[in-house]
Amino acid sequence: MAAQKPSIPKGTRDFGPIEMVRRNYIFNTVQKVFKKYGYLPLETPAMENLSTLLGKYGEEGDKLLFRVLNSGNFLSKVPDEKSLQNAPSLVNLITEKGLKYDLTVPFARYVVQHRNDITFPFKRYQIQPVWRADRPQKGRYREFFQCDVDVIGSKSLLSEVELIQITDEVFSILGINVKIKINNRKVLAGVAEMMGQADQMMKITIAIDKIDKIGIEKVNEELISSGIPPDAVDKLQPVLTFSGLRNEKLVLLRGLLSDSEIGMQGVCELEMVFDYLSGFDLKSEVEIDLSLARGLNYYTGAILEVEALDVNIGSICGGGRYDDLTGIFGLKDVSGVGISFGADRIYDVMLQSDLFPLDLAQTTRLMFVNFGKEEERFCLDVLAKVRNAGISAEIYPDHVKMKKQMSYANNKNVEFVAMVGENEMAEGKISLKNMESGEQEKLSVKELIAKLSVE
RNA sequence: GUGGAUGUAGCUCAGUUGGUUAGAGUACUGGAUUGUGGUUCCAGGGGUCGCCGGUUCAAAUCCGGUCUUCCACCCCA
């Protein structure tokens, strides 16, 4: 039988030791910050029922769900031959589970399902993989990790402010230069209302979003050709040329949206968030960006997105407020807000900008060369003492050529190599070699531990 | 889902208008060096040329299909 070529599914990746060490550095960093702000961990299953997932991410999102084929005789629910010809409806008959698409919707499901055990406001973080049947490309994978922080059960804008602080703190620890972009769905709704096109909010937002790419004129053309009346498009122009300092923007918006109740509400929210933020010393720039739309259609208030300034990879973090996500599952009037850090893109950014600390690569600090059975016994005893002193150490498991043992230590970035042969055993000492400088000295066990403990 | 590129040794890549037994660097193994790695020198193993089919006396090379990876759009982390 011919050996099959080993492979993994499209858009998925293996993470080797170096990658894992680096990924864990990211996970540990965000986790530490999340904890510091009072968030608690949560995990939900890889699979959810499709009824939980469908309809929450818009039409596009539904298409990108990975569906899990029913077990057993999955065709038993298919009524007749004819149904087999219609793929879209067939798929609903033979699948009832799907891989989770994000962490927020399963979180909302969890909150509703366990509402009696939860004290609100509920602050949780969640670091897990999610799956999307997207076509992979740069910074886009079919399996990727999100690090979510959400607070649910409070309408306070303090939560938005806290999330911005968290974001700022995480990226400043990681050393990534970012711009935090903020917008508000209510402002966008107000803009649509001001144009007299309240029901076309999404269409208008998407068009505004393209302004950097295709320019103001094309945006206008696109709007008119999609059925927005020209006079309404005229009213949009001040929004399209929107620029200036934060306060100027807010004044401008105030004037523009004065007739829209919901719009004014959005502006007030933005102002309050900035008012709170003015008391903090943030490292990152926080900017109002009206072109920020965000596709997930459950957002209702503030929306946030973080862009890396030094690497072009799309957003590395995003989120917002959702007023009624739990309502779909039967728990009304519970507002939540959260953000999601895209671990994989953060990894890519840090790799490109060379931001990972160098000492991450190090594992074993001390390796004992194996000289044979008797020496092994002697070393094992020392090894235990060294390990108990909190120093990560190992012994080469086989008595093979020294050259091989030394290259093993070299490739593994081991800091020191201990050599114990007949002479050393007789003296009760250990020859310690510094792999970087090449220096060598004879030490007692006590001196050895002392030397390695200082550094 | 739409459009464009790509695939040769574990990895990075050469390979002429189709023409002997498909190469290099690196990694690996052994030796120079039986108690010293990262430098050097020598030798060695390792390839269904992504897969299937077609054209041809002859295909890594030309044609068709298919898959993979990458890039852009869409969308997003």
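Some observations on this one:
- Scope the stretch A:394-411; condition among the hydroxyl-bearing types (S, T, Y) and surrounded by 12 or more Cβ atoms within 10 Å (Cβ to Cβ); matching residues: A:Y396, A:Y408
- Every residue from the stretch A:16-52 that is open to solvent by 60 Å² or more (accessible area, probe 1.4 Å), not in a helix (DSSP H, G or I) and not polar (S, T, N, Q): A:L40, A:P41, A:E43, A:P45, A:M47
- Residue that is most open to solvent (accessible area, probe 1.4 Å), among those in the stretch A:110-139 that are under 22 Å from the mean Cα position of the chain (by Cα) and of a type in the set (S, T, N, Q): A:Q137
- Among the residues of the stretch A:140-152, those identified as crowded, with 18+ Cβ neighbours inside 10 Å and within 8 Å of RNA strand B (Cβ to nearest atom) are A:Y141, A:R142, A:F144, A:Q146.
- Verdict on A:V239 being among the β-branched types (V, I, T), assigned to a helix (DSSP H, G or I) and either open to solvent by 70 Å² or more (accessible area, probe 1.4 Å) or at positive phi (or both): no
- Residue match in the stretch A:379-391 (condition: open to solvent by 30 Å² or more (accessible area, probe 1.4 Å), outside any helix (DSSP H, G or I) and polar (S, T, N, Q)): no
- For A:L53, the test of being of a type in the set (A, V, I, L, M, F, W, C), in contact with a Phe, Trp or Tyr (Cβ under 9 Å, 6 or more places away or on another chain) and more than 16 Å from RNA strand B (Cβ to nearest atom) is failed.
- Within the stretch A:169-195, tally of residues that are touching an Asp or Glu at 6+ places or on another chain (Cβ under 9 Å) and in a helix (DSSP H, G or I): 6
- Residue in the stretch A:355-372 that is away from RNA strand B (no atom under 16 Å from the Cβ), open to solvent by less than 10 Å² (accessible area, probe 1.4 Å) and not in a loop (DSSP other than H, G, I, E, B) present: no
- Checklist (1) part of a helix (DSSP H, G or I); (2) within 16 Å of RNA strand B (Cβ to nearest atom); (3) open to solvent by less than 50 Å² (accessible area, probe 1.4 Å) applied to A:L65, failing item: (1)
- Summed over the stretch A:286-312, residues that are buried (at least 18 other Cβ atoms within 10 Å of the Cβ), near RNA strand B (Cβ under 8 Å from one of its atoms) and at pLDDT 80 or above total 2.
The values are calculated or read from the model by the stated rules, or taken from the named source; none is laboratory data. Model, not experiment: these values are computed from the prediction. Glycine gets a Cβ as well: all are built from the backbone with ideal geometry, and neighbour counts include every protein chain shown. Accessible surface is based on the protein model in full, side chains and every heavy atom, while ligands, DNA and RNA are left aside. Shrake-Rupley method; radii C 1.70, N 1.55, O 1.52, S 1.80 Å.
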